[in-house]
Each structure stands twice: as C-alpha cells, then as structure tokens.
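Peer 1: Below: one structure in structure tokens.
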Amino acid sequence: MVTRISPHPFAQRTSSAPVTPFVSAAQAEHPMGVERMSKVDTAWLRMDSETNLMMILGVWVVKPSISYAAVCQRIEERLLQYPRFGQRVEPDAMGANWVTVQNFDIRRHVVVEKLPAGSKRREQQALQARLAELAVQPLDMAHPLWQFHLVENYQGGSALMVRIHHCIADGIALIAVTQSMIDGGTKPPKRHRNRATHESARDWISDTLIQPLKDVAMKVLDAAGQEVVNAMAMLIEPKKGVDKGLAGSADLAKLAYQLVRDAAALALMPDDSPTRLKGTPGNAKRVAWCQPIPLDEVKAVGRALNCSVNDVLLSCVAGAIGQYLRSFGDITLDKEIRAMVPVNLRPIEDAYKLGNRFGLAPVILPIGMENPIERVYETRLRMGQMKGSLQPLLAFGLLAVAGLLVKPAQDAMLSLFSRKTTAVMTNVPGPSQKVRFCGSILEQNLFWVPQSGTVGLGVSILSYGGGVQFGVITDSALCPDPQKIIDNFEPEFAKLTLLTLMLPWGE
C-alpha cells in the first residue's frame, strides 16, 4: 500500500518565518510574461495519448536521507532560476503559449510519499510500482508541467522521483539542469528579457534545419529550401517521391543526394518483426532496473573486440530482449526490432536554453542472433551505417512540421514512428564520479524518455559513477513483467565477456 502526502506540511521547514508563496525568477522578470511555444515543443505537447504520456520520468537514490525542506530550498535556488519551470502552458488554435504563473506554490510541485518498509528488494519493488503509477498520471495543465515526489526513507537513504513534460525540454537539456542542481554544480544562467517570437511557415526551416547543420549543409538548405520541404512532404506521402534534384557544386549535390536518400529511408522503413512486444498498448505501465555493472569491464570488452562501448551495450540489450522472447517459446531466428534513439542537434553549451533540439535515429537490434560475438559485430555494423546520416535531422524537421498542423493531422504524420518502431532507447553518459545532492551521495540515477503512439517499450542505459545502469519501462499489456528482460542483461554481458576471453588471441 502506498501512502501519499501532498502537500507536505511546511511546519517541517527549518525557518520559523511565515510561509509565503515562492516568487520565481520568471515572475520577477516577467510579471505578466507570455512567450510563444516553439513548433517542435508544441508537437511534443500535443503528443499525449491515453496510452503514452509525454513525460520524462526519472529517479534519484541518495544516501544518507534528505529532508523535504532541503529539497524545496534547492529547487527554489536552482531549478526555478530557469523561467520555464515557473510557466504553465496555455494552448490555442495555432499552438500554445508559455504563461508566467502568479503566486507560484512550491508545495504543489514537491510532494512527499511514503512507501512500504521492508527488505531492500521489497522497497525497490514498491518504488518501481509507484513510478509506474506516476507514468500514467497526467500533469495538471493549470500549473507548470513538472513534479518531484520525495520518499524520505528508502533503503537507508531517500528516493526522489521526477516527472517533467517533454515540451519543457529534452534529455540533453535536462542534464544541464541536473548539473545546476547538484552540490557545487554550475550556476543557472542569468536570463535576459525575452523577445517576442513569432514563427512563420518559413521560420521553422531556419530554426529546425539550417542551424543544426554544419557549413556545407547550411549552404545546401540556403540554396534549395524548397527541396527540403519536398523531402519533408515525402515523409508524409512517400510513394510520390521527390522528382526534382538539387543543383550546385559537387559537394552540395552530394549532400543533397544524401538528404533525399535519408528522407526516403526514413519514410520507407520496413515494419519491425512481429513480436509480443509490439501491439495495442493498454493504460498501465511497469518499471524495472538492475544494479550497475562496472563500466571498466564494458570498456575492456569493447577494446578487445575493436567495438565501442555503445556497440557492446546495445548488443547486450538485443540479447536480453531476444532471450526474453525465447523464454516464452517465441521463434526469434532472423528477427530484428527497431529502436528510436534520440540524437542531440545543438551545442551542449546551449542546453540550458531548454526546449527540444534533438532528432531520432532508427537503430536496428538483431534480437535473433544468439551468439554474443556475432551479435556485437552485427550491432557495430548497423551503428556504422548510421554515421553521417541526416535521418535525425529530418526527424526533427518532421516534428517541426507536425507542430504546424492540427492535432489529427499531426497524429497521422507521427504514426510513422510508432508503426515502424518497437522501442525508444536512450544511451546517455553521466559523470564518471558520483556527485552529491543536498549533502548526500547520489547513488543511483535513472531516467526514461516517453514512448509515443503505440510504442510500448522504453530502454534506458546510463553510465554514472563508474557503472552502467540498465532500466526498462513497458506497457503492462505488452510486457507485464519487464524484470524478466532486466534479469537477462547482466548474463548476456557475462556471456560476451567469457567468449571474448576464449577467443584465440595468440593465433
């Protein structure tokens, strides 16, 4: 049984002064502030569905325990210096606005929860169950779209569950926010007064396509913007194709060819292999994760096989999923599934600006290969084929176009991803040394990005503090027990390590 206490009594705060609603930086700077939401962020806002809410979900486990008062103080001092966290969303017929909240009340956004006490395993199961419940509870549109849930007593420390709507920021941007919240972290940037932004139908081409490209790509798009629109149109109606080529120098022609080719590849992706992980999702979630495995061991295997850390980890994910399916007697020979992986499209120094500036790259996982050595080399081959691809950029442009459309048209366009995809997967490098939060050590750090449409599987790989953490969130109708996938991850890595050691290195 889960006991929820919301809001937490402010009498527990260390100050004896009377409580007044906190005034955020956004309120002080823009007492009547209204800012237009970008088209890409609008697309994420309107992507919520009954089966998948567009929330980034995370959990921190810290030791020793931390207090509610300390968490509130840290959020007031750091998080609320980003004006976006003091703004609510106000949709309209053409999109949405960010509106500064008057009389912001932090007690609405930081709440205390109590979970059943018991063994370490039982407490983890209770935390996972509560995270799963929160994953399907919409955030209140009348207030800023984020919330922290503090479990003050968890496994000898505390756990902090986080929900942030994807329209506020992407994962890379939230890492920048995280770095400002930890002890000794970078100070939140000082915000200059906003200038009103009015996006036109042509603005999105510049903002979402030209800026992330390097010099040669910028020249292509400047010289032939209409052909980019044609490429986008082909994503919507791929059978029509693109009839016109791009004129210019050899370099421009080469990149133009790649642009059209990658647009076609994105639009004409074949369907995934049918598995029990793909189907009609329900309205309940399940969450699971494993203990970290040493990052040095992953690096050692990668060096021995001349593969990257990513190749090794993705191969183990494919192996874990394949073994899970075979445990039900499913035939996986020659089967593969597609996972959409976010790719950052902005300079990391601009991450503090929040918003969404990432594309999606389709990565094929060879779940039908049972030999770990064969599978890791196949994974390396697939990842190599993605290098230099413009597909993440085109996917970003697709989201920008979607933000210009009414919701039914947006849903039809974005169904491209959910029809062709079994999973959404993140693979993020974190700090190599463990950090502190409110004086306590951050022992575990996990987060999941949302799945859209009918996608029912989310995979999180995060390196942190010398270890690699593997987590899964699933739709309960498609995968009622994701722990069975999790339990296969470490054995798959162990098999790969053993076979690597057995290779005839002296020959």
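The values are calculated or read from the model by the stated rules, or taken from the named source; none is laboratory data. No experiment lies behind these values; they were computed from the predicted model shown. All Cβ positions, even for glycine, are placed from backbone atoms using ideal geometry, and neighbour counts span all protein chains on display. These area figures cover heavy atoms from the full protein model, side chains too; ligands, DNA and RNA do not enter into them. Shrake-Rupley method; radii C 1.70, N 1.55, O 1.52, S 1.80 Å.
Peer 1: Across segment 145-166, what is the number of residues that are touching a residue at least 60 places away in the same chain (Cβ under 8 Å), within 27 Å of Asn97 (Cβ to Cβ) and either in contact with a Pro (Cβ under 7 Å, 6 or more places away or on another chain) or of a type outside the set (A, V, I, L, M, F, W, C) (or both)?
Peer 2: 3
Peer 1: While we're looking at this one, here's another question. Which of the residues that make up segment 136-160 are farther than 17 Å from Ile182 by Cβ and either open to solvent by less than 20 Å² (accessible area, probe 1.4 Å) or in contact with an Asp or Glu (Cβ under 6 Å, 6 or more places away or on another chain) (or both)?
Peer 2: Those that are farther than 17 Å from Ile182 by Cβ and either open to solvent by less than 20 Å² (accessible area, probe 1.4 Å) or in contact with an Asp or Glu (Cβ under 6 Å, 6 or more places away or on another chain) (or both): Pro144, Leu145, Trp146, His149, Val151, Tyr154, Gln155.
Peer 1: Scanning for something at pLDDT 50 or above, among the β-branched types (Val, Ile, Thr) and part of a helix (DSSP H, G or I), does segment 162-176 turn up at least one residue?
Peer 2: yes
Peer 1: Tell me, which residue of segment 459-492 that is assigned to a helix (DSSP H, G or I) and open to solvent by less than 10 Å² (accessible area, probe 1.4 Å) is farthest from Val136 (Cα to Cα)?
Peer 2: That would be Glu492.
Peer 1: Oh, and also: What are the residues in segment 314-370 that are surrounded by fewer than 20 Cβ atoms within 10 Å (Cβ to Cβ), closer than 20 Å to Ser273 by Cβ and among the aromatic types (Phe, Trp, Tyr), if any?
Peer 2: Within segment 314-370, Phe328 is the sole residue that qualifies.
Residues checked against (1) in a helix (DSSP H, G or I); (2) in contact with a strand residue (DSSP E or B) (Cβ under 8 Å, 6 or more places away or on another chain); (3) loosely packed, with under 13 Cβ neighbours inside 10 Å:
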{"residue": "Glu90", "(1), (2), (3)": "no, yes, no"}
{"residue": "Ala96", "(1), (2), (3)": "no, yes, no"}
{"residue": "Val99", "(1), (2), (3)": "no, yes, no"}
{"residue": "Phe104", "(1), (2), (3)": "no, no, no"}
{"residue": "Arg107", "(1), (2), (3)": "yes, no, no"}
{"residue": "Glu113", "(1), (2), (3)": "no, yes, no"}
{"residue": "Ala117", "(1), (2), (3)": "no, yes, yes"}
{"residue": "Arg121", "(1), (2), (3)": "yes, no, yes"}
{"residue": "Leu127", "(1), (2), (3)": "yes, yes, no"}
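Peer 1: Output the number of the condition that Glu199 fails; it satisfies all remaining conditions of (1) open to solvent by 50 Å² or more (accessible area, probe 1.4 Å); (2) over 25 Å from Val428 (Cβ atoms); (3) of a type in the set (Asp, Glu); (4) modelled with pLDDT of 90 or more.
Peer 2: (4)
Peer 1: Checking Thr422 against (1) of a type in the set (Ser, Thr, Tyr); (2) crowded, with 23+ Cβ neighbours inside 10 Å; (3) modelled with pLDDT under 85, which test does it fail?
Peer 2: Evaluating Thr422 over (1) of a type in the set (Ser, Thr, Tyr); (2) crowded, with 23+ Cβ neighbours inside 10 Å; (3) modelled with pLDDT under 85 leaves (3) as the failure.
Peer 1: Go through Gly453, Gly439, Gly368, Gly384 for me and flag whichever is in contact with a helix residue (DSSP H, G or I) (Cβ under 8 Å, 6 or more places away or on another chain), at pLDDT below 85 and not hydrophobic (A, V, I, L, M, F, W, C).
Peer 2: Within the list Gly453, Gly439, Gly368, Gly384, the selection yields Gly453.
Peer 1: Can you say whether Val428 is closer than 17 Å to Asp272 by Cβ and in contact (Cβ under 8 Å) with a residue 12 or more places away in the chain, as far as the supplied structure shows?
Peer 2: No; evaluated as a whole, the condition is false for this residue.
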